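> Would you mind keeping the following structure in view while I ask a few things?
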Amino acid sequence: MTETTKATIVYIEDDTASRMLVQRVLGNKGFEVHVASNGLDGIAIVREKRPQLILTDINLPDMDGREITTRLRSLPHFSNVPIVALTANIGPGNRELALAAGCNGFLTKPIDVASFPKQVEDYLKGRDEKLKPAEHQEHLQKHAQNLVARLESKVRELEEANQRLRELDKMKSDFIVLVSHEMRTPLTLISGYTHLLEENMKQQAGGQIPATAVAGIAEGLTQGVARMREVINEIISVSRIASGTLDLAIGPVQIGILVENLIEDFKQVCQERNLTLHVGDLKKIPIIEGDGARIKIAFENILGNAVKYTPDGGHVYLVGRHIGDTIDLIVKDTGIGIPPDEHRHIFKQFYVLGSIEHHSTSKSAFQGGGLGLGLAIAKGIVEAHNGRIWVESEKRDPKTLPGSTFHILLPVKQSVPQASDN
Ligand code: ADP
């Protein structure tokens, strides 16, 4: 066995039969042959294996052999490694184009099994089929023109594909919104009938809902329907945010009043779980321009999380300050905290921290999880108001309870007029 027969060779070829034949013929002669079926994989394998010789087909599904060669020649390690085109494409000018692109040789398929290993050894020993300078120049220019033409058509293809994807994405969002709306209709019916049932029981029992099994069922139904409505609303909001179709009904918003209303909803759960809610003086916060209903949802989600991720007996602080033309609303808790490397991720859709096995669907129980949409919705709403939202927390530790602090920064005035909701 000669020294060159121990060489590593990469062969880039999309035709399986040709790949197997070359691999067998060269393998039998002691070469270590690695194969790839397309240009991108080929370049990756070449970079990994650092072969002494590269064989490449010209017509490949993604990049062609000439493009692969030009790319490899631009990489420091492969500027001098022999690259040989191996192709059935023997039309006029093909050989010259391959050589101008940087190939050292041009062999035709089907290979001659008897002479092929010797031809490969020649290239390994330095055989280089150079073109005359004028011929090289002419074909190099042609090669460059081909590259630009290919680039143009690829850019066009990508733009079209991107457009199609955007349309599909919109269709998907529209579909989700439509289905969610359709689901709300029967829910409204169930909720209405449950209410009627409760009213009826009240009337019969003289003003109070009796403690009967039917009353218990009605209460369960009411709670189930309310939870389902929340989930549906979350899905609608997040899909509107994702598709950029979250319209805002801009008007004056009094944060102090908004928070007052909001904390009413949390009073009971805080009492049940012995959580203390400290609310700062929000009267000094100026009236801002925004969509009050949506800002309330954003705030509700952050406050809801503070409650969910703080163990019983803990504290939640809600304060606000006015800085220049912005207001900074802060929700701080004495809960389990969030690791710094998760701070960015928790605002993504469907992102939940920790094992979902322990998630309960409760909105208020300690560590009662949701769909992982609450923060994505809050972020979408805040950003639609040209604001910013972020979290500060040292770590996550259910024992030492480092706590988390969420900031919601909102501009007092909206510079760009927003479309009103419909
Ligand atoms: P979910 O509705 O499941 O709580 P969110 O989008 O509201 O989803 O929150 C994403 C994740 O961020 C949660 O799974 C939770 O682990 C973490 N997280 C959010 N707020 C807090 C907080 N105040 N303290 C600790 N972890 C939090």
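The values are calculated or read from the model by the stated rules, or taken from the named source; none is laboratory data. Bear in mind the structure is a predicted one, so any value in this text is a computation, not a measurement. Glycine gets a Cβ as well: all are built from the backbone with ideal geometry, and neighbour counts include every protein chain shown. Surface accessibility is based on the protein's heavy atoms, side chains included, excluding ligands, DNA and RNA. Shrake-Rupley method; radii C 1.70, N 1.55, O 1.52, S 1.80 Å.
> At LEU189 and ALA17, where each label point lies 7 Å from the Cα along Cα→Cβ, what is the point-to-point distance in nanometres?
6.4
> Let me ask something else about it. Using only helices, what value at 222 nm comes out for the chain when you add -39,500 (n - 2.57) per DSSP H run of length 4 or more and divide by the total residues, to the nearest 500 deg cm²/dmol?
On the way: 10 runs with 198 residues, N = 422.
The helix contribution divided over the chain gives -16000 deg cm²/dmol.
> What is the calculated FRET efficiency for VAL113 to LEU168, with r their C-beta to C-beta distance and R₀ = 45 Å, to the nearest 0.05? Mind dumping the intermediate values first?
Details: r = 49 Å, r/R0 = 1.10.
With R0 = 45 Å, the Cβ-Cβ based efficiency is 0.35.
> Let me ask you something else. Evaluate the range 76-235: find the radius of gyration of its Cα atoms, find its Kirkwood radius, and give the ratio Rg to Rh. If you can, show how the numbers build up before the last one.
On the way: Rg = 37.2 Å, Rh = 23.4 Å.
In the range 76-235, Rg relative to Rh is 1.59.
> If you don't mind, there's one more thing I want to ask. Binning every alpha carbon pair distance of the range 251-411 at 5 Å from zero, what are the percents per bin?
For the range 251-411, the pair-distance distribution reads 2, 9, 19, 24, 21, 15, 8, 2, 0.
> At q = 0.12, 0.23 Å⁻¹, what is the base-10 log of I(q)/I(0) for the range 40-147 according to the Debye formula with one equal point scatterer per Cα and no solvent? Please give it to two decimals.
Cα-only, vacuum Debye calculation for the range 40-147: -0.38, -1.43.
> Further, regarding this structure: Measuring from label point to label point, each 7 Å out along Cα→Cβ, what is the ARG229 to GLU342 span in nm?
It works out to 3.2 nm between the two label points.
> Among LEU329, ASN28, SER18, whose Cα sits farthest toward the positive end of the charge dipole of the chain (+1 at Cβ of Lys/Arg, -1 at Cβ of Asp/Glu, about the Cα centre)?
The one lying farthest along the dipole's positive direction is ASN28.
> Still on this structure: State, to one decimal in nm, how far the label point of THR245 lies from the label point of GLN137, with both points 7 Å from Cα in the Cβ direction.
Here the answer is 5.9 nm between the modelled labels.
> Could you let me know the centre-to-centre spacing of the range 149-171 and the range 270-300, using Cα atoms, in angstrom?
Between the Cα centres of the range 149-171 and the range 270-300 lies a distance of 44 Å.
> Give the relative contact order (percent, whole number) for the range 251-411; include only Cα pairs under 8 Å separated by 6+ residues.
Numbers: 331 pairs, mean separation 40.3, N = 161.
Answer for the range 251-411 is 25 percent.
> Which of the peptides 299-312, 144-157 is most tightly packed, and how do the rest follow, going by the mean number of other Cβ atoms within 10 Å of each residue? Write out the running numbers ahead of the final one.
Numbers: 299-312: 21.5, 144-157: 11.4.
So the peptides 299-312, 144-157, ranked by packing, come out 299-312, 144-157.
> Still on this structure: If you take the beta carbon distance between ARG150 and LEU178 as r and set R0 to 41 Å, what does 1/(1 + (r/R0)^6) give as a FRET efficiency, to the nearest 0.05? Could you put the intermediate results ahead of the total?
Working: r = 41 Å, r/R0 = 1.01.
Rounded to the nearest 0.05, the efficiency is 0.50.
> Same structure, new question: Counting only C-alpha contacts under 8 Å and six or more residues apart, can you give the relative contact order of the chain as a whole percent?
Details: 668 pairs, mean separation 42.9, N = 422.
The value is 10 percent.
> When we measure straight from the Cα of LYS283, which lysines land under 17 angstrom away, once same-chain ones fewer than 8 places off are left out?
Answer for LYS283, where 17 Å is the Cα cut-off: LYS296, listed by chain and number.
> While we're here: Just the number, please: percent antiparallel of the DSSP beta bridges in the chain, rounded to the nearest 5.
Numbers: 23 of 43 bridges.
Roughly 55 percent of the DSSP beta bridges within the chain come out antiparallel.
> Could you tell me how far the Cα centroid of the range 179-227 sits from the Cα centroid of the range 374-388, in Å?
33
> To continue, here is another question. Mean Kyte-Doolittle of at least -1.0 and a Cα length of 27 Å or more along the axis: which whole DSSP H helices of the chain meet both? Kindly include the intermediate steps, with their values, before the conclusion.
On the way: long enough: 133-204 (104 Å, -0.81); 213-242 (43 Å, 0.65).
Membrane-span-like by this criterion, though nothing is claimed about a membrane: 133-204, 213-242.
> Place the peptides 159-172, 271-284, 236-249 in order of packing, highest mean first, counting for every residue the other Cβ atoms within 10 Å and averaging per peptide.
Numbers: 159-172: 10.8, 271-284: 13.7, 236-249: 17.9.
Going by the mean number of other Cβ atoms within 10 Å, highest first, we get 236-249, 271-284, 159-172.
> Quick check for you: with a 1.4 Å probe and neighbouring chains kept, what is the accessible area per residue of the chain, in Å²?
Values: 23230 Å² over 422 residues.
Per-residue accessible area for the chain comes out at 55 Å².
> If you bin the C-alpha pair distances of the chain every 10 Å from 0, what whole percents do you get?
That works out to 4, 16, 18, 13, 10, 12, 13, 9, 4, 1, 0, in percent per bin.
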